[in-house]
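The structure under discussion appears below in the form of structure tokens.
The values are calculated or read from the model by the stated rules, or taken from the named source; none is laboratory data. Here the structure is a predicted model, which means the values were calculated and not measured. Glycine gets a Cβ as well: all are built from the backbone with ideal geometry, and neighbour counts include every protein chain shown. With ligands, DNA and RNA removed, areas are computed over all heavy atoms of the protein, side chains included. Shrake-Rupley method; radii C 1.70, N 1.55, O 1.52, S 1.80 Å.
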Amino acid sequence: RIHPQCFGTPDIWAYVTQTGVLEVIDYKFGHRFVDEYENDQGIAYTAGIIDHLAELMQKGPGLIDQMIKVNFTVIQPRCFYKGAPVRTWSVLASDLRAHINQLTNAAGVALAPNPPAVTNPECGDCPGRHACPALQQAAYYDAEFAVRSSPVELPPAAASLELRMMERALERLQARVEGMREAVATYIRQGHAVPW
């Protein structure tokens, strides 16, 4: 539904016809927290499942999604620092339309000729992060932003916004540090003189 190259297999899904509830369950093995709320992978799975159900019911997805409650559950027993090991986000399927459209548009941009490079949380897992100009620019900006002063007391909305920005900046900086650490280690193994 998102794009022909966007595919996957949910760990478990079931639709209960009598109640109109779609259960989509995703098991996560790792330690890094995976948020169930507005989870892109869960939304993509749900979009495909709704299309499949619409085909089985011989109705359009735009008709049945108004009658389906989606429970997207993340089961993550090894994430010890945040949240319960089983977490569920419940939403009316029709409320996912905007998210599905955003994912579809993002896939179109990403797969167009010469797509722009943008940073996101997945940069930390990218094997090319040491040579990525978008991550480099974002990390430089984040490092500069970190030394700017701000008011001592912030109202709640401003404090939470700055916290969100700082956490995002920290993710980008960490991805860049890890990429550069690998690049420098490679230079050392090759026998180059590397200062600092």
Could you run through region 156-177 and say how many residues are under 19 Å from residue 130 (Cα atoms) and open to solvent by 60 Å² or more (accessible area, probe 1.4 Å)? 4
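Just to be sure before I move on: is residue 63 closer than 18 Å to residue 9 by Cβ, in contact with a helix residue (DSSP H, G or I) (Cβ under 8 Å, 6 or more places away or on another chain) and open to solvent by 10 Å² or more (accessible area, probe 1.4 Å) in the structure I sent? Give the derivation first.
Working: closer than 18 Å to residue 9 by Cβ: no; in contact with a helix residue (DSSP H, G or I) (Cβ under 8 Å, 6 or more places away or on another chain): yes; open to solvent by 10 Å² or more (accessible area, probe 1.4 Å): yes.
So residue 63 does not fit the description; no.
Which fully enclosed strands (runs of 3 or more DSSP E) of region 1-84 have 2 or more residues being in contact (Cβ under 8 Å) with a residue 60 or more places away in the chain and farther than 23 Å from residue 121 by Cβ? Don't jump to the end; show me each part of the working.
Working: elements: 12-16, 21-27, 69-75.
Filter on region 1-84 gives an empty set.
Of the residues 175, 159, 193, which single one is out of contact with any Leu (no Cβ under 8 Å at 6 or more places or on another chain) and within 28 Å of residue 33 (Cβ to Cβ)?
Details: 175 fails: out of contact with any Leu (no Cβ under 8 Å at 6 or more places or on another chain); 193 fails: within 28 Å of residue 33 (Cβ to Cβ).
The match here is 159.
If you scan region 137-196, which residues turn out to be among the charged types (D, E, K, R) and either under 16 Å from residue 119 (Cα atoms) or at pLDDT below 80 (or both)? Outline the logic, then answer.
Our first condition is that a residue be among the charged types (D, E, K, R); within region 137-196, this holds for 142, 144, 148, 153, 162, 164, 167-168, 171-172, 176, 178, 181-182, 189.
Within region 137-196, 142, 144, 148, 153, 162, 164, 167, 168, 171, 172, 176, 178 qualify.
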